[in-house]
Structure formats: C-alpha cells, structure tokens
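Everything on this sheet refers to the single structure shown next.
Quick note: the coordinates plus some simple rules give every number you see, no bench work behind them. From a predicted model like this one, the values you see are computed outputs, not experimental measurements. Neighbour counts are summed over all protein chains in view; Cβ atoms, including those assigned to glycine, are modelled from backbone coordinates with ideal geometry.
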Amino acid sequence: MATLKAIRKRISSIRNTQQITKAMKMVSAAKLRRAQEAAVQARPYADKMADLLKNLSSRVSRAAHPLLVMREEKRTQLVLVTSDRGLCGGYNANLIRAAEAFIRKQGSDKEITLTPVGRKGADYFRRRRGEASDRYLNFLSTPPEELAAEITEKLISRFVDGETDAVYILYSRFRSALSQVPALERLLPVHLDDSQETDQLIEYLYEPGVEELLASFLPKMIEIKIQRALLEATASEHGARMTAMDSATTNASKMMGSLTLQMNRARQASITRELMEIVGTAEALK
Amino acid sequence: MADKIRLRVVTPARLVLDEEVDEVTGPGVKGEFGVLPNHISFLSLLEPGEMSYKQGGTRRFLAVSGGYAEVLDNVMTVLASVAEFGSEIDVDRARMAKDKAERRLSELQFEDKDFAAAGAALRRALIRLQVAAKEAR
C-alpha cells in the first residue's frame with residue numbers, strides 16, 4: 001500500500017500535468033479556429049481555379065503540356081504532410097500508417113521517393129528508409145503560400161526532367177475537430193476530368209492563347225492544391241491536439257479522483273491503526 | 001440587359017471584393033483591357049499591375065499581382081495571388097521595399113540570378129505606390 005505522502009505527491013504531479021494539458025487544449029482551440037478560417041477562406045479561389053482548368057483542359061490534348069503527360073508509373077514521389085510536434089493523439093500515426101500502406105501497394109518493383117513535410121513523418125521514415133533528399137520541417141512557421149511555392153517548384157522540375165513519373169500527396173483532411181482523415185491525391189500528372197460532355201463548353205475569348213494560359217495555369221494549380229493540403233493539415237493537427245488534450249484533461253481528473261479516494265482510505269487506515277495502538281497500550285498498562 | 005456587372009476579386013487568402021459595378025479595367029498580358037456589363041465570355045492572363053472599377057460615381061483602385069480574369073454571364077472573376085485596395089496599402093512599407101529593390105538592382109549585374117527577382121520586387125513596389133497615390137486623391 002502506497003504511503004500517504006507518496007499519494008499526495010502523485011496527486012499534485014497529476015494536477016500540474018492537467019494544468020498543462022488544459023492550457024494546450026485551449027491554445028489548440030484558438031489556433032484551430034484561425035486555421036479553419038484560413039482553410040475556408042481559401043476555398044473560393046481553389047474552386048474557381050478548378051473550374052477554369054476544367055474548361056481549358058478540354059480544349060487541349062494530354063500531349064499539349066509536359067505536366068499533363070502520362071507515363072508508366074515507375075518512379076513515384078510521395079509528399080507526406082505530418083505535424084512537427086507530437087501530443088496530438090493518433091494524428092501522425094494514422095498518416096504514417098496510410099503512407100506505409102501506399103508504399104506497400106506500389107509494390108517492390110517501383111522506386112518511391114518520399115518527401116516529408118513535418119518533422120514527425122521525417123523522423124519515422126529516416127529510421128526506415130534513410131535520409132530523404134528533400135524535406136520540409138517546421139512548416140507551421142512558414143506561410144503556407146511560400147512553402148507551397150517552394151515545394152511546387154521542386155516537384156515540377158523533377159517531373160519535367162523525368163526523374164519522377166507521378167507525384168502524390170498524402171495529408172490529413174479536416175472533417176471536424178473530432179475527425180481527421182488521411183487523404184491521398186495525385187498532383188502530377190495533373191488530373192483532368194475527361195468525362196464531361198462537349199456541349200457544356202463555354203466559348204471564351206482567350207488572351208493570350210489557350211496554350212499560354214494553360215502553361216501558366218498548371219503550375220499554379222499544383223501550388224494551390226499543395227497550399228490547400230497544408231491548410232487542411234494545419235487545421236487537422238490543431239483539431240487532433242485539441243481532442244487529445246481534452247481527453248488527457250478528463251483522464252487526469254479521473255485519476256485525481258481515484259487517487260484522492262485512495263488517499264482518504266490510507267489516511268483513515270492510519271488513524272484507525274494509531275487508535276488501535278493507543279487502545280492496545282492503555283489495555284496493557286491496566 | 002443588365003446595366004451592372006458583378007465583380008469578384010478572389011485571392012487564396014480571402015475574398016477581397018464581391019460587388020455590382022459599372023465598369024472594370026484590368027492589366028492583361030496584352031495590355032490594359034476594359035470590361036463593361038454584358039461583355040462576351042473572356043479569359044485572360046493578368047500582369048502584375050493596377051486594376052480599377054467604377055461604381056456609381058466613384059472609381060476605386062486595386063493593386064494586383066499576376067493572375068487570371070474570367071468574364072462569364074455578366075460576372076467577372078479575378079483570381080490573383082495578392083490583391084489589395086489602395087487604401088489598404090502601407091505606403092511606408094512599399095517605399096522601403098522600393099528603395100531596397102533599387103539598391104539590390106544597382107549592386108547586381110543583369111546576368112545575376114537574382115536580377116529578375118529584384119526587378120519584379122521593384123515593379124511590385126512601384127505599382128503599390130502608384131495605386132496608393134491614386135486612391136488617396
């Protein structure tokens with residue numbers, strides 16, 4: 001049986017931890033609100049871009065631009081967006097598991113380059129696959145648009161040089177504070193919706209030509225996709241941390257409750273014992 | 001026939017503007033273009049530059065970085081990486097950026113890798129100053 005003093009010490013240590021988890025929860029809640037706002041604000045832009053791309057791409061063949069060319073997927077690049085910091089429940093574990101599944105599915109005859117964004121994914125795969133050639137750490141401190149531009153430039157130059165045949169991005173899609181789902185998207189070659197009917201096409205006046213517009217459009221599109229992924233990932237991370245810290249706070253309360261009970265019992269036991277001793281001694285002296 | 005056109009200016013960070021206006025002028029790659037209500041469907045690449053629109057009797061100015069403009073069904077959508085009203089522009093910061101870019105340009109040779117970047121920075125700063133000055137009037 002633990003001594004009274006030991007139990008008291010544990011309770012106060014748990015109380016300290018609880019204060020920390022509570023504070024972290026509140027910080028995450030505030031950050032989540034901002035991140036969610038940013039993700040929502042970015043949506044109209046991304047939607048309109050997708051609309052325009054659909055329209056432009058229906059006028060050209062896949063051979064019209066190097067970023068549209070489909071090759072046999074021998075060398076695949078996977079951009080994995082995880083968080084830099086832990087204490088966010090199963091957030092990173094889920095993403096890493098999804099990445100492992102993706103790699104397994106590709107089979108052993110394919111070459112896979114992993115490009116981690118965020119320290120957690122980078123650390124995990126460094127131990128298993130060796131140092132990645134490109135990695136982006138500390139991504140919360142860089143504005144998403146800058147980071148997205150930087151990543152896009154590298155991805156595109158490798159793809160155009162034929163070093164990769166396809167590029168995917170794996171990130172956590174934000175559903176709600178309670179639910180974040182790993183999502184996999186193909187960045188390159190750019191996905192075109194081939195299924196649309198031709199009679200829906202809008203006749204535009206183009207300035208300059210369709211090809212020039214497309215050439216400026218495609219890289220931008222990838223940048224926007226990455227940016228969106230980063231924003232969603234940020235919101236997801238804060239959501240996951242908030243949930244994790246919330247349950248940690250609840251657990252700490254529960255633990256404190258049961259320890260307090262134990263403490264009272266131990267105190268009662270020691271009082272009873274002391275009484276017994278006094279009574280026993282008094283009896284003996286008679 | 002509508003006598004107004006809806007103008008939407010969207011950036012990745014926010015929806016800058018969504019209003020019914022009388023007339024829009026934008027910096028196309030092939031030169032400045034004007035859009036009036038009931039314009040034909042139109043898609044253009046935008047240069048970094050000055051954009052303006054007229055609403056009622058007043059004309060307002062925006063600085064936009066490069067992007068795209070689409071006109072469709074009497075709605076004009078401008079997609080730009082950055083767009084700001086002249087009144088939102090921090091003139092001191094723009095002036096500082098201009099000075100810095102000019103200094104960089106005087107130090108660099110045309111062949112240098114950063115020359116184009118410094119030139120673009122100077123251009124952006126100049127546009128912002130110009131737009132801010134027009135709005136202030």
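See the values below:
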quantity	calculated
Odd one out for A:Ala166, checked against (1) surrounded by 15 or more Cβ atoms within 10 Å (Cβ to Cβ); (2) within 14 Å of another protein chain (Cβ to nearest Cβ); (3) under 25 Å from A:Lys54 (Cβ atoms)	(2)
Qualifying strands (runs of 3 or more DSSP E) (wholly inside the range B:1-84; at least 2 residues being charged (D, E, K, R), touching a residue at least 60 places away in the same chain (Cβ under 8 Å) and in contact with an Asp or Glu (Cβ under 7 Å, 6 or more places away or on another chain))	B:5-10
Residue match in the range A:173-191 (condition: polar (S, T, N, Q) and in a loop (DSSP other than H, G, I, E, B))	yes
Hits in the range A:224-257 (condition: buried (at least 24 other Cβ atoms within 10 Å of the Cβ), charged (D, E, K, R) and farther than 13 Å from A:Val81 by Cβ)	A:Arg241
So A:Thr243, is it without any contact (Cβ under 8 Å) to a residue 60 or more places away in the chain and in a helix (DSSP H, G or I)	no
Any hit, the range B:37-45, residues being among the small types (Gly, Ala, Ser) and within 12 Å of chain A (Cβ to nearest Cβ)	yes
Some residue of the range B:84-95 being within 11 Å of chain A (Cβ to nearest Cβ) and either farther than 15 Å from B:Leu46 by Cβ or touching a Pro at 6+ places or on another chain (Cβ under 8 Å) (or both)	no
Top-ranked residue in the range B:88-99 [being in contact (Cβ under 8 Å) with a residue 24 or more places away in the chain and surrounded by fewer than 15 Cβ atoms within 10 Å (Cβ to Cβ); ranked as farthest from the chain's Cα centre (by Cα)]	B:Arg95
So A:Leu87, is it surrounded by fewer than 20 Cβ atoms within 10 Å (Cβ to Cβ), touching a residue at least 40 places away in the same chain (Cβ under 8 Å), among the aliphatic types (A, V, I, L, M) and farther than 21 Å from A:His191 by Cβ	yes
Candidates B:Arg59, B:Arg103 - the one that is within 24 Å of B:Arg14 (Cα to Cα), among the basic types (Lys, Arg) and out of contact with any Gly (no Cβ under 9 Å at 6 or more places or on another chain)	B:Arg59
Selection from the range A:90-117 of residues that are crowded, with 19+ Cβ neighbours inside 10 Å, over 11 Å from A:Leu78 (Cα atoms) and touching a residue at least 40 places away in the same chain (Cβ under 8 Å)	A:Tyr91, A:Leu95
Matching residues in the range A:40-74 - criterion: being over 30 Å from B:Val16 (Cβ atoms) and free of Cβ contacts under 8 Å to residues at least 60 places away in the same chain	A:Ser61, A:Ala63
Of all residues in the range B:15-35 being within 14 Å of chain A (Cβ to nearest Cβ) and either within 11 Å of B:Tyr53 (Cβ to Cβ) or more than 15 Å from the chain's Cα centre (by Cα) (or both), the one that is surrounded by the fewest Cβ atoms within 10 Å (Cβ to Cβ)	B:Gly34
Index of the failed condition, A:Leu67 passing every other in (1) farther than 27 Å from A:Leu213 by Cβ; (2) assigned to a helix (DSSP H, G or I); (3) among the aliphatic types (A, V, I, L, M); (4) within 28 Å of the chain's Cα centre (by Cα)	(1)
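To keep it simple, each residue is scored yes or no on (1) of a type in the set (Asp, Glu); (2) over 15 Å from A:Leu187 (Cα atoms); (3) within 14 Å of chain B (Cβ to nearest Cβ).
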| position | (1), (2), (3) |
| --- | --- |
| A:Val40 | no, yes, yes |
| A:Ala46 | no, no, yes |
| A:Ala50 | no, no, yes |
| A:Ser58 | no, yes, yes |
| A:Ser61 | no, yes, no |
| A:Arg71 | no, no, no |
| A:Tyr91 | no, yes, no |
| A:Ala99 | no, yes, no |
